[in-house]
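The values are calculated or read from the model by the stated rules, or taken from the named source; none is laboratory data. Since we're looking at a predicted model, the values are computed, not measured. Heads up, the Cβs are rebuilt from the backbone with ideal geometry, glycines too, and the neighbour counts pull from every protein chain shown.
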Ligand code: SDX
């Protein structure tokens, strides 16, 4: 049964739906999130990131043969062109990995000119697989560049997540011992980030793609949109906020007072959402596993205690409750990424890795079904009424 999303009218603006889509359903008031009809809670518990990527892109859960074929096609494209690897030599050591990611993804359009035509199904398929396969390698290389360590070639005997962890934390000189707890936790976090309807970065991918720009160019634009601290950059901002509270003596009440007084524009990062006016279902899952994962990784973290205290204080405070501000997907993720050994600057890169199949699925849907494309956005003009030109001598 097809469901239609709710479109509410904001006061002053007609908040029309920006497009039609059959991929992800969100009910912000009820805190519901489904990919192709499947509840996020079930996918997070039972699926894998590669299987969920298949579901988002092709619209159904794969058979065993389909999943095996999809997995092996991705495995064959994990290598970067040796000339693309040289790009990383040009970036400054202290470059933030997100602009590195968007630059490298944009550059894929120059290396794979045989797969840029959005209306050739074979080219769309090969660019889909190339992007899913190469983004983890690009992300790992961005990290290795930042720490001055050698790049590792992908090992295609590993799964996508295992390969990414090994290329990130492994060294050529010795074997890398994969921690199954870390692999499973990261796989689940990527599932939870895989799509989210018409958020800022996905709308960007659709809008750029609506000009018939190729997939690499469209996703590169999405990566840049995700980098913003009010969007994907929030998971990095949450960790910096928790560290700031800790360094100021851990006084959560004092921090909340500053937020309520809007002192220096400070916000409770990881709280609030344009759509969820209830607990973000992803945050609920992540909070539940954060405790378990940190325990299993043997990484008890005082920042988790501060985060939980902050949530408790906020959810009992009318300032937040009256504004329907609840934890969102970014509130707890950074604590897990930190426990895994990622520096805060890599947190938004991990968000991009997760969101990639959603961006691809939404771009493909818009190309395949023009009925779902984002119309040319209009505006509510609030400028000057018509007036005549004034000569310089009259100004
Ligand atoms: C993501 O769209 C998506 O789906 C995005 C995402 C995805 O998966 O793609 O879910 C990922 O981007 C999650 C959001 C991550 N960002 C943050 O955590 C940054 C902190 N959050 C805020 O910046 C804010 O909550 C937004 C931008 C996320 C949502 O803003 P809204 O719902 O449009 O609310 P608003 O900006 O209109 O503010 C309404 C009121 C204001 O106060 P008053 O003017 O009424 O006094 O709520 C206040 C705001 O000042 N407010 C906050 C707050 N968020 C809103 N006050 C303190 N802390 C906050 N986080």
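The figures follow:
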| item | result |
| --- | --- |
| Given (1) within 23 Å of residue 289 (Cβ to Cβ); (2) surrounded by fewer than 20 Cβ atoms within 10 Å (Cβ to Cβ); (3) at pLDDT below 95, index of the condition residue 178 fails | (3) |
| Unique residue being farther than 26 Å from residue 343 by Cα, modelled with pLDDT of 95 or more and out of contact with any strand residue (DSSP E or B) (no Cβ under 7 Å at 6 or more places or on another chain) when the list is 96, 77 | 77 |
| Filter result for residue 212 (under 30 Å from residue 131 (Cβ atoms), crowded, with 17+ Cβ neighbours inside 10 Å and either more than 21 Å from the chain's Cα centre (by Cα) or within 15 Å of the ligand (Cβ to nearest atom) (or both)) | no |
| Some residue of region 362-379 being closer than 30 Å to residue 257 by Cα, away from the ligand (no atom under 13 Å from the Cβ) and touching a residue at least 12 places away in the same chain (Cβ under 8 Å) | no |
| Complete set of residues in region 42-77 that are in a helix (DSSP H, G or I) and within 18 Å of the chain's Cα centre (by Cα) | 43, 44, 49, 50, 51, 52, 53, 54, 55, 56, 57 |
| Residue among 192, 186, 230 that alone is crowded, with 23+ Cβ neighbours inside 10 Å and within 16 Å of the ligand (Cβ to nearest atom) | 192 |
| Lone unmet requirement of (1) within 16 Å of the ligand (Cβ to nearest atom); (2) not in a loop (DSSP other than H, G, I, E, B) for residue 246 | (1) |
| Conditions (1) over 13 Å from the mean Cα position of the chain (by Cα); (2) surrounded by 24 or more Cβ atoms within 10 Å (Cβ to Cβ); (3) modelled with pLDDT of 95 or more; number of the one not met by residue 205 | (1) |
| Failed item in (1) over 30 Å from residue 107 (Cα atoms); (2) surrounded by 11 or more Cβ atoms within 10 Å (Cβ to Cβ); (3) modelled with pLDDT of 95 or more, with residue 28 passing the rest | (3) |
| Failed item in (1) touching a helix residue (DSSP H, G or I) at 6+ places or on another chain (Cβ under 8 Å); (2) farther than 24 Å from residue 355 by Cβ, with residue 188 passing the rest | (2) |
